[in-house]
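The values are calculated or read from the model by the stated rules, or taken from the named source; none is laboratory data. Because the structure is predicted, anything quoted here is derived from the model rather than measured. Heads up, the Cβs are rebuilt from the backbone with ideal geometry, glycines too, and the neighbour counts pull from every protein chain shown.
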Amino acid sequence: MELHQLAYLVAVAEEGSFTRAAEKLLVSQPGVSAQIRRLERELGEDLLDRSDRTVRPTAVGEVVLPYARAALAAVDGARIAVSELTGLLRGRAALGTVTSPNIDLAGLLADFHELHPMVEIALSAGDTDQLAAQLMTGQLDAAVLSIGATAPDGLSVQVIVDQPIVAAVGHQHELADRGVAALADLAGWPLISLPRGSGLRARLDEACAASAMFPRVAFEASSPEVVADLAARGLGVAFLPGPFAEFRKDRLAVLHIEQPELRGRLVLAWRATGPASPAGRALLSHLRSHLR
């Protein structure tokens, strides 16, 4: 019986699939299947029920799984104990982020890697709801989220950016001289925005829903720069972070939105109880100290 066989068994039981377990473990699916077959032959019993589309542990497998998890946890504990004793941190830390966060995550992670070269860092992207759920289940140690006035339940946050969201049009646009506009004034125009899943778009959709508005988003772009270019060419009313739009007044006329005021908050978030692993706690501490 080998540790990697136990790890494969636990992964398949948790994922309900040999394919998803292999993807999670970054190994081949036939290799996972073959190793679990070897373990079953050694124990003389089937550990997994393969008769349905979802793979489930058999009664014997349910008995074996707690021992498999305990063995893997003991090995991880031994590694952590040695790392803490020697001062060399090891393990895995997971960070999530919304799209277009406008912060130098690559630089922050490079600095962290220089401090802790034996820590594996996993970086993933998603929308705020997805990332918040992954924080609560422990899949992520920290995440950069875009939120409104309140933080999701069960999470602690540290504000990175709090800025207004403004509208912007080309200088030849009919609204260019307005300076200020209510959100309702803009609903009849073609709108340009970042895509769904971005924090700015979430704030815009929330404000429209609260005002019972159904605007037409004519163009979506994943980059604020492209959103600005589309507006500058007269294709509609763009929604952009305030400082970003103000810096491009040579191409854009900025309209400050009232009724309601739109603001975007970019925050570093983590589970209120904190990351479970030393590596996760170290990554969170590093990010908090550099994103003040």
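Can you find even one residue in region 228-245 that is among the basic types (Lys, Arg), in contact with a Gly (Cβ under 9 Å, 6 or more places away or on another chain), at pLDDT 90 or above and under 30 Å from Leu89 (Cβ atoms)? No, region 228-245 has no match at all. Listed by position, the helices (runs of 4 or more DSSP H) contained in region 52-164 that have at least 2 residues being of a type outside the set (Lys, Arg) and within 17 Å of Ser198 (Cα to Cα) are 128-136. Counting only strands (runs of 3 or more DSSP E) that sit completely within region 173-292, those holding 2 or more residues that are touching a residue at least 60 places away in the same chain (Cβ under 8 Å) and touching a helix residue (DSSP H, G or I) at 6+ places or on another chain (Cβ under 9 Å) correspond to 237-241, 252-258, 263-271. Applying the condition of being surrounded by 15 or more Cβ atoms within 10 Å (Cβ to Cβ) and among the small types (Gly, Ala, Ser) to region 213-234 and asking which residue is nearest to the chain's Cα centre (by Cα) yields Ala221.
In a residue-by-residue description of region 273-280, the property of being surrounded by fewer than 19 Cβ atoms within 10 Å (Cβ to Cβ), more than 24 Å from the chain's Cα centre (by Cα) and in the same structural domain as Asp127 (by TED's automatic domain parsing) applies to no position.
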